[in-house]
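One structure below.
No value in this document is a laboratory result; all are computed from the given coordinates. Quick caveat: nothing in here was measured; it's all calculated off a predicted structure. Methodologically, a virtual Cβ is constructed for each residue, glycine included, from the backbone with ideal geometry; neighbour enumeration extends over all protein chains shown.
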Amino acid sequence: MGIFDKFKSGFKKSASAFTSGLRDIVVKKEIDDKTLDRIEEYLIQSDVGVVAASEIKEIITDSKIDPNKDIAEEIRTILKDYIISLMKPLENNNFFNKKEKLSATLISGVNGVGKTTTIGKISKIFKANGNKVMLAASDTFRAAAIEQLENWANKVEVEITKSSQGADPASVAFKAIEEAIAKNFDQVLIDTAGRLQNKKNLMEEYKKIANVTKKIDPDAPHDVILVLDATSGQNVINQVEEFNKIIPITGLIMTKLDGTAKGGILLAVAKKFKLPIIALGLGEKEDDLQIFEAEKFADAFTQIT
């Protein structure tokens with residue numbers, strides 16, 4: 001199965017609910033004001049966000065839609081073009097490339113978003129592109145987190161630096177980077193505790209990890225990736241805002257897009273923050289992390305099922 005097929009399969013729930021919902025609204029041969037309002041309301045309910053929904057409504061209003069054509073298909077095309085224009089500038093296909101020098105990447109996110117699993121999937125892509133990868137088990141709050149990351153390291157055959165439960169997370173990150181330098185590694189992925197963004201002491205610990213990496217390289221962390229769960233809906237907006245206040249985010253990965261009928265939240269995030277979108281999680285398998293491509297996302301999300 002190719003990447004496009006995986007996108008289409010993974011987004012089937014979102015796409016089916018979304019396009020069938022639009023068809024239920026667009027039953028006339030012309031788009032009147034009432035229909036426009038219903039489309040806008042439906043987009044907002046689909047987590048697309050107020051701003052994006054308003055812009056899409058305006059584009060539909062200004063478009064000359066042929067009443068002799070399939071109106072729902074015409075609106076689908078408008079939506080697809082809107083998504084591409086919004087998200088194409090947010091692609092970052094270079095993220096997974098072979099690194100010319102050691103890159104330290106901080107992976108963050110709240111509990112339950114699939115962060116550790118995502119790190120394992122990222123590792124596999126990095127390795128496939130010729131990178132020597134080191135994992136840092138800096139989520140020392142839970143022994144299960146260390147064990148889970150170690151299982152992923154073994155599964156995709158990359159190195160891991162770990163300590164015991166309760167150890168200082170920043171010291172684990174520091175040790176991992178030191179080891180990576182000594183052994184000529186290309187990429188260090190630092191797992192962090194699944195912390196709630198509104199708990200100040202935990203966020204200060206998160207900041208400490210980033211500061212410690214700068215003792216080795218002033219430019220570190222070279223990337224700060226926030227993992228988001230699509231099933232959380234509008235809550236992800238607050239997560240991006242709060243994490244970005246602590247350490248500037250350089251990229252987003254959204255998981256569980258195969259498990260929601262409201263995948264429009266990625267549009268809302270893109271519109272509000274304009275942060276690079278690195279990849280999308282479409283399942284639990286190690287190959288289910290898809291490098292983000294705006295056109296494939298737009299086509300899959302608006303597919304007629």
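Couple of notes before you dig in:
- Cα-only Debye scattering, region 59-194: base-10 log of I(q)/I(0) at q = 0.10, 0.12 Å⁻¹: -0.46, -0.56
- Seen from all directions on average, region 64-140 presents a Cα convex hull projection of 8.5 nm².
- Crossing angle, helix 12-25 versus the chain [Cα axis fit, 0-90 degrees, rounded to tens]: 20
- Listed pairs K98/K207; K99/K199; K175/K207 exceeding 23 Å between Cα atoms: K98/K207; K99/K199
- What the phi angles of region 231-243 give under the Karplus curve with 6.51, -1.76 and 1.60, with θ = phi - 60°, is a coupling list of 6, 7, x, 5, 4, 5, 4, 5, 5, 4, 4, 6, 5 Hz, glycine and proline written as x.
- The C-alpha atoms of region 140-277 occupy a region whose extents along the principal axes are 44, 32, 28 Å, arranged from largest to smallest.
- When Rg and Dmax are taken over the Cα atoms of region 214-305, they come to 14.2, 53 Å.
- When only Cα pairs below 8 angstrom with a gap of at least 6 residues are kept, the chain shows a relative contact order of 29 percent.
- Neighbour counting of Cβ atoms within 10 Å sorts the residues D258, D217, D191, fewest neighbours leading, into D217, D258, D191.
- Free of any trypsin sites (Lys or Arg not before Pro) that DSSP assigns to a loop and that have at most 15 other C-beta atoms within 10 Å, the longest stretch within the chain is 216-273.
- Sorted largest first, extent of the chain alpha carbons per principal axis (Å): 68, 41, 31
- When Rg and Dmax are taken over the Cα atoms of region 26-107, they come to 18.4, 59 Å.
- Seen from S103, the other residues with C-beta closer than 12 Å to its C-beta sum to a net charge of -1, counting Lys and Arg as +1 and Asp and Glu as -1.
- Summed side-chain charge close to G120 - residues other than G120 whose Cβ falls under 15 Å, Lys, Arg +1, Asp, Glu -1: -3
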